Amino acid sequence: MRASGQDTAAIGAIAAFRNAMRHALRTDLQERPLLPNMTVVIDYLRSEMGYAGHEVFRVLFLDARHRLIRDEVMWTGTVDQCQVHIRTIVKRALELDACGLIVVHNHPSGDVTPSIADKELTRSIAAATRTVGVSVLDHVIIGSTGHASMVDLGLW
């Protein structure tokens, strides 16, 4: 508002446009299977969390046909870390009768390279959910400069 000389009408129009785009992207997610084409998912996730100044950890819970049951922000953290509780993910997957998960978090730095901790977390979540018949389908890292899919990188 300061840069535009307090032009609240323009700011309101931009905010309304952003909200409409987010709604359209979310609607697209709910109307078709998310796999194997992740383009719509990535567009949605970048709009939701690509520019957050702190880490956000969310899980997309999917049914047997890979359709979205629920998208939930599970935790928020600091600029470079986020506390994740695997038992909470397992519990929520069971509550929602999910068959698959796409695990997502952002790197506020913009560097979407998976860290060793990211890889270990993915393996731990997959091992825990596998015991109850739920599959981790991907772990996606979102940043302002792009995204990284552990499946696409051959890490999963």
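If you plug each phi of region 81-96 into the Karplus form 6.51 cos²θ - 1.76 cosθ + 1.60 with θ = phi - 60°, what whole-Hz ³J(HN,Hα) values come out, in order, with x for Gly and Pro?
These are the phi-based 3J(HN,Hα) values: 7, 8, 6, 10, 10, 4, 4, 5, 5, 4, 4, 5, 4, 5, 4, 8 Hz.
Which trypsin sites (Lys or Arg not before Pro) in region 30-86 pass both tests, a DSSP loop state and at most 14 other beta-carbon atoms within 10 Å?
Hits after loop and neighbour filter: Arg65.
Every number here is computed from the coordinates shown, using simple stated rules; none is lab data. Here the structure is a predicted model, which means the values were calculated and not measured. Ideal geometry is used to build each Cβ from the backbone, glycine not excepted, and the neighbour counts take in all protein chains shown.
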